[in-house]
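Engineer: Quick one: the structure is below, questions incoming.
The values are calculated or read from the model by the stated rules, or taken from the named source; none is laboratory data. Quick caveat, the model's predicted, so the values are computed rather than measured. Here the Cβ positions follow ideal geometry from the backbone for every residue, glycine too, while neighbour counts run over all protein chains shown. We work out accessible area using only protein heavy atoms, side chains counted, and drop any ligands, DNA or RNA first. Shrake-Rupley method; radii C 1.70, N 1.55, O 1.52, S 1.80 Å.
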Amino acid sequence: MTIVEALTDHGGEGRYARATLINSVGRGIFFALSTLYFTQVLDMPMTLFSLFLMLSAVAGLAGSVLFGMVSDKVDAMIMYRILLGVQGLGLIVYVATNNFICLGVTMAIVSTADRGAAASRGPIIAHISQGGNRVSYRAMLRVVSNVGTAIGSVLSAIPLTIGTRPVFVTLILVNVLTYFIAAIMLRHIRCGVFASTQSRKNRGRGIVALRDTPFLLVTMANAILYLHDGILTVALPIWIASAEVIPDSMVSALLLVNTVGVILLQVRFARGTDTLRGAGRAGLRSGLSLCAACIMLALSKGAALWLAIVLLVVAALMHLCGELWQSASAWSFGFEMSSDDLLGEYQGVLNAGSDTMALVSPMILTSVAHADSPIGWWILAGLFLFTGLCYGPIAAWADRTRTKR
């Protein structure tokens, strides 16, 4: 299924894809203006804003696991629509009050709802995806999401130059509408609940995914590879800014390469990853690609301008490949290692691993990028290489311990 076919499909896949596109446009708008809105329009101190972001991320971790488990026991689409509504209402609070405590609490609630909604996508996709090709459909949804986010970022550019509070409020309310419109568009889709393939008594109490050792290893390996997100958004801009010979415009150019690359290639890179062995191969390729990207970045230190630019472009392309294979690998493991009635729980735990890395990676990567020596990049390259090489044995172990859904 191509993106055009998905968006024009009249079934559940098409409706979910169109709702995702609309909601992603709003999210793209908000991503572009949120920091400026809180710190400049509302005059929230940057230290307080950073604290609220950290606490919201921690709340999101809990929401990912909690709502992932709940989505296995109720209709995941109903829960997803409720969480979309909660996020929309939270954004209304952002424009309705200047009370910092109230805003901080609301940020935590919105983050919890956002990560809960992300965890519920596994059961939703399992229910509505036609032909059982869940990984390819999930890859297509990421493409749709990136297209929507890019559109939202572009739409926010001109109003942001005006910079007045009414303009910011208007854009935020547009984002509110995208949440409510998406929730309404999905009102006719019912997912139900998968029948349990194994009695809860036999599984024992607690979170089953946390007792699944191969899956925990996958979660840890995936979290390490997810460092790629911080490399692109945190480390690379700092690294380029510290190199006096490289123009700062390279940051925007490389981000554009990544955005376009994800849109054009994510579905292609997901092919062949719909088995555990295939997911393991994708994880290996991701680790090797990210290792190569770090080596290119290390070599760019002190290089001549033309050579540094070439190395940065190669690093961006290797990073893109690593990101695409990491995403496909994670989706496949999330689907294939869980029985259908535990998809939300497994997805929640897997997302919590990635979210934890997203929380701590800025501290790690700023140290790497600010250093006068490229040694940090070589250490990261070794870490990615080791992690990639671990995927094969982990996938083989997981394959031996799985039971058919």
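Engineer: For LYS73, enumerate residues with amide H under 5 Å from its amide H, sequence gap 5+ or separate chain, H modeled in the peptide plane.
Structural biologist: none
Engineer: Let me ask you something else. Carbon and sulfur atoms: what percent of the 1.4 Å accessible area of the chain do they account for?
Structural biologist: That share works out to 68 percent.
Engineer: Something else: May I ask you to evaluate 6.51 cos²θ - 1.76 cosθ + 1.60, the Karplus curve with θ = phi - 60°, for each residue of segment 259-269 and list the ³J(HN,Hα) values in order in whole Hz, giving x for glycine and proline?
Structural biologist: Those phi angles translate into 4, 5, x, 4, 4, 7, 10, 4, 5, 4, 6 Hz.
Engineer: On to the next question. From largest accessible area down, sort TRP397, TRP377; use a 1.4 Å probe on the protein chains.
Structural biologist: Output order, biggest surface exposure first: TRP397, TRP377.
Engineer: Please work out the FRET efficiency for the pair LEU89 and ARG271, using the Cβ-Cβ distance as r and a Förster radius of 45 Å; give the result to the nearest 0.05.
Structural biologist: Working: r = 40 Å, r/R0 = 0.88.
Once the sixth-power term is evaluated, E becomes 0.70.
Engineer: For segment 33-131, what's the relative contact order in percent, using C-alpha pairs closer than 8 Å and at least 6 residues apart? If you can, show how the numbers build up before the last one.
Structural biologist: Numbers: 93 pairs, mean separation 40.9, N = 99.
So the answer I get is 41 percent.
Engineer: Under a point spin-label approximation (7 Å from Cα along Cα-to-Cβ), what is the ALA304-PHE31 distance to one decimal in nm?
Structural biologist: It works out to 3.7 nm between the two label points.
Engineer: In addition: Work out how much length GLU5 to VAL360 would gain on full extension: take 0.36 nm times their residue separation and subtract the Cα-Cα distance, in nm to one decimal. Walk me through the numbers before you get to the answer.
Structural biologist: Numbers: separation 355, 0.36 × 355 = 127.80 nm, distance 3.86 nm.
Net length gain for the segment: 123.9 nm.
Engineer: Quote the accessible area belonging to ARG211 in square angstrom, nearest 10, computed with a 1.4 Å probe and with ligands, DNA and RNA left uncounted.
Structural biologist: Counting only protein heavy atoms, ARG211 exposes about 110 Å² to solvent.
Engineer: I would also like to ask the following. Per-residue counts of other Cβ atoms within 10 Å, averaged by peptide: what ranking do you get for 117-129, 75-87, 295-307, highest first?
Structural biologist: Numbers: 117-129: 25.1, 75-87: 22.4, 295-307: 16.8.
Going by the mean number of other Cβ atoms within 10 Å, highest first, we get 117-129, 75-87, 295-307.
Engineer: At a probe size of 1.4 Å, how large is the accessible area of TYR94, to the nearest 10 Å²?
Structural biologist: Roughly 10 Å² of TYR94 is accessible to a 1.4 Å probe.
Engineer: How much accessible surface does ARG190 have with a 1.4 Å probe, in Å² rounded to 10?
Structural biologist: In the full protein context, ARG190 sits at about 140 Å².
Engineer: Taking only protein heavy atoms into account and a 1.4 Å probe, give the accessible area per residue of the chain in Å². Write down the numbers at each step before the final one.
Structural biologist: On the way: 17400 Å² over 405 residues.
Accessible area per residue, the chain: 43 Å².
Engineer: Taking 8 Å as the Cα distance limit and 6 or more residues as the minimum spacing, I'd like the relative contact order of the chain as a percentage.
Structural biologist: Working: 640 pairs, mean separation 102.0, N = 405.
Answer for the chain is 25 percent.
Engineer: Per residue of segment 271-284, what does 6.51 cos²θ - 1.76 cosθ + 1.60 with θ = phi - 60° give for ³J(HN,Hα)? Whole Hz please, x for Gly and Pro, Karplus curve as stated.
Structural biologist: 3J(HN,Hα) across segment 271-284, in whole Hz: 5, x, 10, 8, 10, 5, 5, x, 5, x, 5, 5, x, 4.
Engineer: I need the phi-derived Karplus couplings for segment 248-257: 6.51 cos²θ - 1.76 cosθ + 1.60, θ = phi - 60°, integer Hz, Gly and Pro marked x.
Structural biologist: Here the 3J(HN,Hα) series is 4, 4, 4, 4, 5, 5, 6, 5, 5, 4 Hz.
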